[in-house]
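**Student:** Quick one: the structure is below, questions incoming.
The values are calculated or read from the model by the stated rules, or taken from the named source; none is laboratory data. Treat the numbers as computed from the prediction; the structure is a model and nothing was measured. Backbone-built Cβ (ideal geometry, glycine too); neighbour counts: all protein chains shown. Heads up: the accessible areas ignore ligands, DNA and RNA and are worked out on the full protein's heavy atoms, side chains in. Shrake-Rupley method; radii C 1.70, N 1.55, O 1.52, S 1.80 Å.
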Amino acid sequence: MTRVACAQIDPTLGAVQANLKLSAGVIAEAVGRGAQIVVLPELATSGYMFADAEEARAAALRPSDPAFDAWRAVAGDAIVVGGFCELGDDGLLYNSAVVLDRDGVIATYRKTHLWDREKLIFTPGDKLPQVLATRYGAIAVMVCYDLEFGEVTRRVALDGVELIVAPVNWPLFPRPEGERPGEVITAMSTARLNRVAVAVCDRSGIERGQPWTEGTVIVDPDGWVVAAAGPGSGFAIADVDLSATHDKTLTEYVDLFSDRRVDLY
């Protein structure tokens, strides 16, 4: 079993040092509760509702920035995945996620599907998520809107992913009473259709008038939510059997991958 923790926090727009302190605190708490993989929200170091690219640039970091030492110092034996506003070596801004442990940066991913006004600030990444072979399992990192594209989630599933990790900032949309957020339903469907685990870390609070869904969930390979942070800041923590993702059969005659009609599509 792998213990996964998603920390739903409320970062302050533009306050990079304060956000690093806040996020380091919840990483330390999650590690203290036995988490082996810790996930933070999208743009956890900077906040989300930038007025323009100049404001975003003032809060941007490079993956090699010493600022991330705050996360590494409290990571313990865990792997940390968190969103940040990236300043690329090309001078462009990216909505990115860094994967690191106490020894340094393992990987960086740039969001490939930009949502709404993000297109006015960020450049989309030009590489699809990779499946990372880590000491806790095969992980693929996506950022928010990327999860809505089955072409991407199926690709990493076919490449052997066990856990899809997604830092997100889900704007709150109306929904019928009693229904889960549509984005959570997508995460559940992604897990069920591919028989993989999915960990999604949303944010809390209201930023420049924008409320957030606060939809942080961990979904098991059968597609069921096994932990949720609920409203406000807090954690979703669950022990997930990632080895279960290796079996794509549902019955003796149903196999989610071999039943695909690739001769037709």
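**Student:** Could you list, in sequence order, all residues of the range 194-214 that are in contact with a Leu (Cβ under 9 Å, 6 or more places away or on another chain) and over 15 Å from A44 (Cα atoms)?
**Tutor:** N194, R195, V196, A197, V198, A199, R208, Q210, P211, T213
**Student:** Take the residues in the range 181-213 that are over 28 Å from L22 (Cα atoms) and hydroxyl-bearing (S, T, Y); name whichever of them is surrounded by the most Cβ atoms within 10 Å (Cβ to Cβ). First the steps, then the outcome.
**Tutor:** Step one: of the range 181-213, the residues over 28 Å from L22 (Cα atoms) are 182, 185-186, 188-196.
Next cut, hydroxyl-bearing (S, T, Y) only: 186, 189-190.
Details: T186: 18, S189: 16, T190: 25.
Checked the range 181-213; the qualifying residue surrounded by the most Cβ atoms within 10 Å (Cβ to Cβ) is T190.
**Student:** How many residues are in contact with a His (Cβ under 8 Å, 6 or more places away or on another chain) and under 20 Å from V39 (Cα atoms) if we restrict to the range 112-142? Talk me through it step by step, then tell me what you get.
**Tutor:** Taking the range 112-142 and keeping what is in contact with a His (Cβ under 8 Å, 6 or more places away or on another chain), we get 124.
After this cut, where a residue has to be under 20 Å from V39 (Cα atoms) as well, the list is none.
Adding up the residues that qualify gives 0.
**Student:** Oh, and also: List every residue pair whose Cβ atoms sit under 9 Å apart, with the two residues 6 or more apart in sequence or on different chains, where the first one lies in the range 39-56 and is farther than 22 Å from M142 by Cα and the second, anywhere, is among the small types (G, A, S).
**Tutor:** Cβ pairs passing all conditions: E55/G14.
**Student:** With respect to A138, determine if the residue is among the aliphatic types (A, V, I, L, M), touching a helix residue (DSSP H, G or I) at 6+ places or on another chain (Cβ under 6 Å) and either closer than 17 Å to S189 by Cβ or open to solvent by less than 50 Å² (accessible area, probe 1.4 Å) (or both). Give the derivation first.
**Tutor:** Values: among the aliphatic types (A, V, I, L, M): yes; touching a helix residue (DSSP H, G or I) at 6+ places or on another chain (Cβ under 6 Å): no; either closer than 17 Å to S189 by Cβ or open to solvent by less than 50 Å² (accessible area, probe 1.4 Å) (or both): yes.
In short, no.
**Student:** Kindly list the number of the only condition in (1) in contact (Cβ under 8 Å) with a residue 24 or more places away in the chain; (2) in a strand (DSSP E or B); (3) not acidic (D, E) that fails for G215.
**Tutor:** Failed condition: (2).
**Student:** In addition: For the range 1-53, enumerate the residues that are surrounded by fewer than 24 Cβ atoms within 10 Å (Cβ to Cβ) and among the acidic types (D, E).
**Tutor:** Those that are surrounded by fewer than 24 Cβ atoms within 10 Å (Cβ to Cβ) and among the acidic types (D, E): D10, E29, D52.
**Student:** Condition first: modelled with pLDDT of 95 or more, part of a strand (DSSP E or B) and hydroxyl-bearing (S, T, Y). Can you find one or more residues in the range 218-233 that meet it?
**Tutor:** Within the range 218-233, none of the residues are modelled with pLDDT of 95 or more, part of a strand (DSSP E or B) and hydroxyl-bearing (S, T, Y).
**Student:** Working carefully through the options L256, L163, find the one that is surrounded by fewer than 22 Cβ atoms within 10 Å (Cβ to Cβ) and aliphatic (A, V, I, L, M). Break it down stepwise before answering.
**Tutor:** Working: L163 fails: surrounded by fewer than 22 Cβ atoms within 10 Å (Cβ to Cβ).
It is L256.
**Student:** Which one of K111, K119, K127 is open to solvent by less than 10 Å² (accessible area, probe 1.4 Å) and not small (G, A, S)? I'd like the intermediate steps shown before the answer.
**Tutor:** Working: K119 fails: open to solvent by less than 10 Å² (accessible area, probe 1.4 Å); K127 fails: open to solvent by less than 10 Å² (accessible area, probe 1.4 Å).
The conditions single out K111.
**Student:** Another question, then. Write out, first by first residue and then by second, each pair whose Cβ atoms fall under 7 Å of each other, whose residues are 6+ apart or on separate chains, and whose first residue, in the range 3-27, is without any contact (Cβ under 8 Å) to a residue 40 or more places away in the chain while the second is open to solvent by less than 30 Å² (accessible area, probe 1.4 Å).
**Tutor:** Listed by first residue and then by second, the contacts come to T12/N19; T12/G47; N19/P11; N19/A44; N19/T45; N19/S46; L22/I9; L22/P11.
**Student:** Could you check the range 214-236 and list, in sequence order, the residues that are under 11 Å from Q8 (Cα atoms) and crowded, with 20+ Cβ neighbours inside 10 Å? Reasoning before the result, please.
**Tutor:** Filtering the range 214-236 down to residues under 11 Å from Q8 (Cα atoms) leaves 214-217, 228-236.
Within the range 214-236, E214, G215, T216, V217, A228, A229, F235, A236 meet the criteria.
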